[in-house]
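The values are calculated or read from the model by the stated rules, or taken from the named source; none is laboratory data. Just so it is clear, the structure is predicted and the values come from calculations on it, not from any experiment. Heads up, the Cβs are rebuilt from the backbone with ideal geometry, glycines too, and the neighbour counts pull from every protein chain shown.
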Amino acid sequence: MRRMVVVLAAGVLALTACGGDDDDDAGGDVSAEAQPYVDAMVASSQQQEEGELSLSPEQAECVAPKWIDTIGVERLEEAGMTPEDLSEDGMDDLDTLELSEDDGAELYDAFGTCDVDVKDLFLESLASDSDLTDEDRACLDENFGDDLLKRIMITSLTQGDDALDEDQELTGELFAVFAECPGAAG
């Protein structure tokens, strides 16, 4: 169970590290001060490991500027995060930025705006990283609600992975999913 939460949280952070190499209409306008951070997300996407969630180039071009806009260059600078930090570590330290739950919801919603099916990417990533059978995947798809996935991702993004363990309500809901899909808990 803990492994599943860690895989999900790591997937969230790996997914957010993707970017594209231009700022056309898909991602919106990017300010001169934000562009190095968007570019850094591009660089970090080159460090993706097998089994991590990943975006298509088009999706990344859409998501990266939205994320930097939501987080804000000022907040990144105040936290001492440089574009180089992002290109080396991706967005691993988001929970240190004091993002609000609303910020986390905006970050999550950017995926939908950019036609990213987070649940499907999560299930694909999980299947490539374990012995998940087609039956287990179908069970998770049926029982892992979109709202639960969104709350897990927002918690991980805004409060860090430890907060997932401390939230008894989320933990209880996850246990309920894996009770329905015991083969996926492996």
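Restricting Asp102, Asp131 to residues that are out of contact with any helix residue (DSSP H, G or I) (no Cβ under 8 Å at 6 or more places or on another chain), exposed (fewer than 13 other Cβ atoms within 10 Å of the Cβ) and at pLDDT below 85 narrows the list to Asp131. Being without any contact (Cβ under 8 Å) to a residue 40 or more places away in the chain, in a helix (DSSP H, G or I) and surrounded by 16 or more Cβ atoms within 10 Å (Cβ to Cβ) is a description that does not apply to Leu121. One residue stands out in the stretch 137-176 among those that are modelled with pLDDT under 90 and more than 30 Å from Ile71 (Cβ to Cβ): the one that is surrounded by the fewest Cβ atoms within 10 Å (Cβ to Cβ), namely Phe175. The number of residues in the stretch 103-117 being in a loop (DSSP other than H, G, I, E, B) and more than 12 Å from the chain's Cα centre (by Cα) comes to 2.
Within the stretch 46-68, is even one residue within 22 Å of Asp162 (Cα to Cα) and either at pLDDT 80 or above or in contact with a Lys or Arg (Cβ under 9 Å, 6 or more places away or on another chain) (or both)? So far as the stretch 46-68 goes, no, none of its residues is within 22 Å of Asp162 (Cα to Cα) and either at pLDDT 80 or above or in contact with a Lys or Arg (Cβ under 9 Å, 6 or more places away or on another chain) (or both).
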